[in-house]
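Colleague: Quick one: the structure is below, questions incoming.
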Amino acid sequence: MLPNPQSREVTLEDYFKVIKKRHKIIAAFLIIIPLAVAILVFAVKPVYRATVSVLIEKSPPKVTQFEEVYQTPYGDTLQYYQTQYKILSSRALTERVFEELRLIKDKDFKDARDPIRKLYDSISIEPVRNSQIVMVHVDDTDPLRASSIANAFAKEYIKQDIETRNLATKQAAGWLESQLVDIKKRMEESEKELSKYIQQNRIVTVPDVERKTETLLESLKQDKSNVETALAEALKRYKEKHPKIIALRAQAENINAKIEKETENLLNLQLKMAQYNMLKKETESSQQLYTSILSRAKETDVSEKIEASRIRVIDPAKVPDIPFRPKKLRDILLSIFVALMAGVGAAFFLEYLDSTIRTAEDVRVYVNLPFLGYISTIGKDIKTEIDKDLLCYKDPKCAISEAYRVIRTSILFASPEDKPLKNILVTSSLPKEGKTFTATNIATIFSQLNEKVILIDLDMRRGRLANVFNVEQKAGISDFLAGKAELKDIIKKSFVGNLSIISSGTIPPNPSELLHSGKVALLFEELKARFDRIIIDAPPILSVADSSLLANIVDGVIMVIKGASSHLNAITQTKGKIIEAKGRIIRSEERRV
């Protein structure tokens with residue numbers, strides 16, 4: 001476990017410790033993942049990539065002046081190119097390429113469940129940013145076939161664009177031809193009406209006739225004015241019935257009649273001119289429309305025959321000479337990096353999940369208890385449990401014996417001068433954590449100091465000391481507490497010098513009730529008078545309540561923690577129960593100078 005940030009700051013050294021502790025997991029990742037990737041990249045069939053670059057212009061080449069026949073229907077540039085990308089990646093275009101190359105005869109495609117889909121999946125489109133160029137990639141296990149498909153794809157895309165443009169041109173040409181017939185018919189009819197009107201009204205040079213009529217009218221009006229002046233002069237000299245007066249009046253009447261006649265003629269002429277101009281304008285309009293439509297129809301016919309496209313190939317696809325994938329060296333190096341990251345990640349993840357106590361620092365940091373000593377794993381040459389429990393007796397010079405001597409020294413340093421640690425309780429959180437192993441070897445180590453030591457098996461449910469020291473199980477501590485045996489009957493000498501044993505005795509139905517009796521405290525007081533050190537092998541605290549009952553009547557408690565096995569939560573609960581029972585956990589720093 002990494003240290004709790006509340007207890008101290010996590011350092012780089014802590015992380016290196018985790019990596020060192022979990023190095024086997026990291027090594028496993030570094031071996032398995034790159035090896036699997038290496039096998040895969042060397043076993044898989046290489047894939048080659050051929051690429052053709054295509055330029056897509058928004059507007060087609062202007063080969064005629066009739067630009068309205070085929071215009072791009074997309075006003076927005078982004079929308080237009082997005083549409084083209086969809087066309088490029090369409091299944092319909094893929095089918096055209098498939099048919100053009102006759103890939104149905106190719107064995108790789110013939111055996112495929114969906115040949116078109118196989119070809120479709122091998123093609124990818126990559127627009128070049130901030131340009132009108134699109135890269136068309138084709139991935140295939142055959143490099144020659146890859147380049148052929150890429151070039152065919154560009155060719156069919158251009159061909160499809162031309163066909164689409166020509167289709168629009170044909171539709172426009174058909175519409176224009178249908179309009180020409182009606183326009184020509186209307187033009188001919190208007191020409192006929194104009195000609196007929198000219199013939200009926202005998203119109204030759206209409207402007208000259210109109211000008212002569214107006215000139216004659218002006219002349220008649222002048223004559224009328226002259227006659228009226230002469231008549232006024234004559235009336236000053238002559239009477240009404242004078243011949244000259246009568247002649248002037250007759251002349252004036254004749255002129256007025258001519259003026260009325262010419263005015264009527266002019267009005268009629270103007271009416272004819274209005275009708276004439278209307279017919280003439282209609283005829284000219286029909287002629288102009290016919291000429292325009294005929295010109296555009298001819299331009300459309302020319303445009304239809306010119307194969308121009310907005311799309312052209314910039315770089316045709318070449319036959320690739322190196323595989324696109326797998327890139328063996330890159331993939332293997334990448335797999336090593338990924339394996340390293342995964343291994344380190346797995347190491348820290350397991351460390352995060354691991355709540356077991358492993359080191360002396362874990363004991364100090366997480367449990368907040370002093371560390372009395374560390375006992376290493378026993379070698380495989382010692383197989384039986386009894387040999388393990390008697391290791392300090394049978395091999396006093398081994399490393400484990402030395403480790404127990406260190407623990408003995410820590411206990412001695414932790415003994416106050418006014419209240420020495422004479423009776424020591426050895427317990428653990430759960431079974432099989434090395435409690436009995438520690439109790440027997442500590443008792444043995446103390447006996448080697450020529451101290452009179454007694455080892456008591458207070459695990460009255462599953463006591464093992466009788467078997468370890470080969471003493472009689474009956475007449476043990478349970479029998480004494482139940483009043484069935486005397487103290488002298490339950491103390492047995494062992495084959496270890498200076499070490500006596502009290503076995504657990506007959507298994508009672510109520511061990512906890514026996515420990516509640518006042519006999520336990522009296523027993524410890526009497527044994528203190530006889531022995532220099534009392535070591536008590538007590539049951540696990542979290543399994544039964546026996547050890548909690550004993551914790552407050554002993555001088556000190558040793559809590560056994562099995563490295564990489566005992567969980568922090570269980571150890572914390574054990575510590576809490578000992579403290580609740582007002583027990584004293586032995587601390588080596590309590591030595592007084």
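The values are calculated or read from the model by the stated rules, or taken from the named source; none is laboratory data. It should be emphasised that the depicted structure is a prediction, and the values quoted were computed from it without experimental measurement. A quick note on method: Cβ atoms are made from the backbone with ideal geometry, for glycine too, and the neighbour counts reach across all protein chains shown. Surface accessibility is based on the protein's heavy atoms, side chains included, excluding ligands, DNA and RNA. Shrake-Rupley method; radii C 1.70, N 1.55, O 1.52, S 1.80 Å.
Colleague: Taking region 321-404 on its own, what percent of its Cα-Cα pair distances exceed 20 Å?
Modeller: Distances greater than 20 Å cover 65 percent of the Cα pairs.
Colleague: If you don't mind, another one. Express in Å², to the nearest 10, the accessible area of PHE348 obtained by rolling a 1.4 Å probe over the protein heavy atoms while all chains stay in place.
Modeller: 50
Colleague: Then there's this: Averaging over every viewing direction, what projected area does the convex hull of the Cα atoms of region 390-487 cover, in nm²?
Modeller: 7.8
Colleague: Same structure again: Over the C-alpha atoms of region 459-593, what are the Rg and the largest Cα-to-Cα span, Dmax, in Å?
Modeller: Answer for region 459-593, Rg first and Dmax second: 15.6, 47 Å.
Colleague: For region 503-582, what is the Kirkwood estimate of the hydrodynamic radius, computed as the reciprocal of the mean inverse distance between distinct Cα atoms, to one decimal in Å?
Modeller: 14.1
Colleague: Here's a follow-up. Would you list, by chain and number, the lysines whose Cα falls below 24 Å from the Cα of LYS236, excluding same-chain residues fewer than 8 positions away?
Modeller: Once the sequence-local lysines are set aside, what remains near LYS236 is LYS221, LYS224, LYS244.
Colleague: Could I ask something else about it? Over region 87-145, average the accessible area per residue using a 1.4 Å probe and give it in Å², no decimals.
Modeller: On a per-residue basis, region 87-145 sits at 62 Å².
Colleague: With charges set only on the Cβ (+1 for Lys and Arg, -1 for Asp and Glu), what does the dipole of region 355-424 come to about its Cα centre, in debye to the nearest 20?
Modeller: Once rounded to the nearest 20, the dipole reads 60 debye.
Colleague: Tell me, what is the per residue accessible area of region 514-559 in Å², probe radius 1.4 Å?
Modeller: For region 514-559, the solvent-accessible area averages 34 Å² per residue.
Colleague: Follow-up question, since we're still on this one. Around LYS562, what is the net charge, scoring Lys/Arg as +1 and Asp/Glu as -1 over all other residues with Cβ under 11 Å from its Cβ?
Modeller: Surrounding charge for LYS562 is +2.
Colleague: Please go through the residue pairs LYS394/LYS519; LYS17/LYS327; LYS422/LYS488; LYS432/LYS582; LYS86/LYS328 and name each one whose alpha carbons sit more than 28 Å apart in this structure. Intermediate results must be reported in sequence, preceding the final value.
Modeller: On the way: LYS394/LYS519 35 Å; LYS17/LYS327 36 Å; LYS422/LYS488 20 Å; LYS432/LYS582 25 Å; LYS86/LYS328 34 Å.
Cα-Cα > 28 Å for LYS394/LYS519; LYS17/LYS327; LYS86/LYS328; rest within.
Colleague: Report, to the nearest whole %, how much of the accessible area of region 317-375 belongs to carbon and sulfur atoms, 1.4 Å probe, protein only.
Modeller: Roughly 69 percent of what the probe reaches on region 317-375 is carbon or sulfur.
Colleague: Please give the peptides 242-253, 114-125, 142-153 ranked by average Cβ packing (other Cβ atoms within 10 Å per residue), highest first, as a rough proxy for protection.
Modeller: Highest mean packing first, the order is 142-153, 114-125, 242-253.
Colleague: Separate question: Leaving ligands, DNA and RNA out of it, report the carbon-plus-sulfur percent of the accessible area of region 422-572 at a 1.4 Å probe.
Modeller: 51
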